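The values are calculated or read from the model by the stated rules, or taken from the named source; none is laboratory data. The shown structure was predicted, so the numbers you read here are calculated from the model rather than taken from an experiment. Here the Cβ is made from the backbone with ideal geometry for all residues, glycine too, and neighbour counts use every protein chain on show.
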């Protein structure tokens with residue numbers, strides 16, 4: 001067993017942990033890990049990541065289903081649309097140059113990281129809507145499937161907000177149901193890639209086994225780890241990996257320019273968020289003062 005494979009297996013534990021804890025996130029590190037650590041070609045790494053994530057998500061579903069959090073009907077509706085999109089995305093991705101796929105993946109990593117750092121998420125709701133908006137769910141599933149099927153990401157941080165906003169699910173149910181959808185469309189995207197890409201199954205199966213162990217540990221720890229702190233820490237890690245992808249795949253001048261733009265964008269968004277929160281706090285203070293009854297002596 002090579003040193004690179006051993007290192008990849010050790011790092012794969014983190015992918016499983018994120019899946020178990022957050023219902024997503026770790027998937028976006030699988031392709032860079034397989035490409036830069038395990039030394040796989042980009043297309044083989046994307047295809048292999050789909051198998052690893054598909055199996056790991058399927059195993060993780062069991063623990064969430066035991067708690068009754070998986071919304072099977074919503075998951076299969078969204079998942080069916082995402083599977084169609086993922087197969088098409090896998091076919092398209094298998095025809096594109098590796099550098100194009102990796103740069104697209106880097107862009108997706110940065111977008112996901114910013115969403116995690118800024119803590120962009122829908123409001124939690126324990127109630128489900130009376131009528132499921134099927135058309136919106138299907139369209140969202142198709143779009144998510146195509147994008148993530150092409151670049152090999154599981155898309156948990158795209159799926160969870162969609163399930164909350166469009167499907168009316170609570171956050172625990174959305175996280176659990178996203179694992180079902182991730183598993184379905186990962187295997188379908190893999191089928192699209194396997195039409196033109198072959199995989200060295202030995203290393204992939206070893207990495208998969210370690211990732212599954214990490215997911216089971218993450219599921220057990222979910223009650224003890226603050227979700228907000230974990231999301232932000234992981235977001236910064238994903239952002240750093242996105243910058244590494246740009247530096248690795250682009251000419252040095254373009255890579256440095258892309259890295260600088262990412263940093264500038266992060267700073268601007270953090271400043272805007274702070275101002276927005278300050279304005280909201282002042283507005284709440286004024287409203288509270290107006291509602292407070294005046295005491296007469």
> Scanning the stretch 234-247 for residues that are surrounded by fewer than 19 Cβ atoms within 10 Å (Cβ to Cβ) and either within 25 Å of residue 144 (Cβ to Cβ) or in contact (Cβ under 8 Å) with a residue 24 or more places away in the chain (or both), which turns out farthest from the chain's Cα centre (by Cα)?
Replying inline: 244
>> So for the stretch 153-167 (the condition being outside any loop (DSSP other than H, G, I, E, B), closer than 28 Å to residue 100 by Cα and modelled with pLDDT of 75 or more), does at least one residue qualify?
In response: yes
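What do you reckon, is residue 218 closer than 27 Å to residue 55 by Cα and either assigned to a helix (DSSP H, G or I) or out of contact with any helix residue (DSSP H, G or I) (no Cβ under 7 Å at 6 or more places or on another chain) (or both)?
Values: closer than 27 Å to residue 55 by Cα: yes; either assigned to a helix (DSSP H, G or I) or out of contact with any helix residue (DSSP H, G or I) (no Cβ under 7 Å at 6 or more places or on another chain) (or both): yes.
Yes, satisfied.
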>> Residues that are surrounded by fewer than 22 Cβ atoms within 10 Å (Cβ to Cβ), modelled with pLDDT of 85 or more, out of contact with any helix residue (DSSP H, G or I) (no Cβ under 6 Å at 6 or more places or on another chain) and part of a loop (DSSP other than H, G, I, E, B): does the stretch 35-44 have at least one?
In response: yes
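A quick yes/no check of all residues on (1) within 15 Å of residue 114 (Cβ to Cβ); (2) over 29 Å from the mean Cα position of the chain (by Cα); (3) assigned to a helix (DSSP H, G or I); (4) at pLDDT 85 or above:
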| residue | (1), (2), (3), (4) |
| --- | --- |
| 264 | yes, no, yes, yes |
| 267 | yes, no, yes, yes |
| 270 | yes, no, yes, yes |
| 275 | no, no, yes, yes |
| 281 | no, yes, yes, no |
| 290 | no, yes, yes, no |
> If you check residue 31 against the conditions, is it more than 20 Å from residue 112 (Cβ to Cβ), touching a helix residue (DSSP H, G or I) at 6+ places or on another chain (Cβ under 9 Å), part of a helix (DSSP H, G or I) and in contact (Cβ under 8 Å) with a residue 40 or more places away in the chain?
Replying inline: no
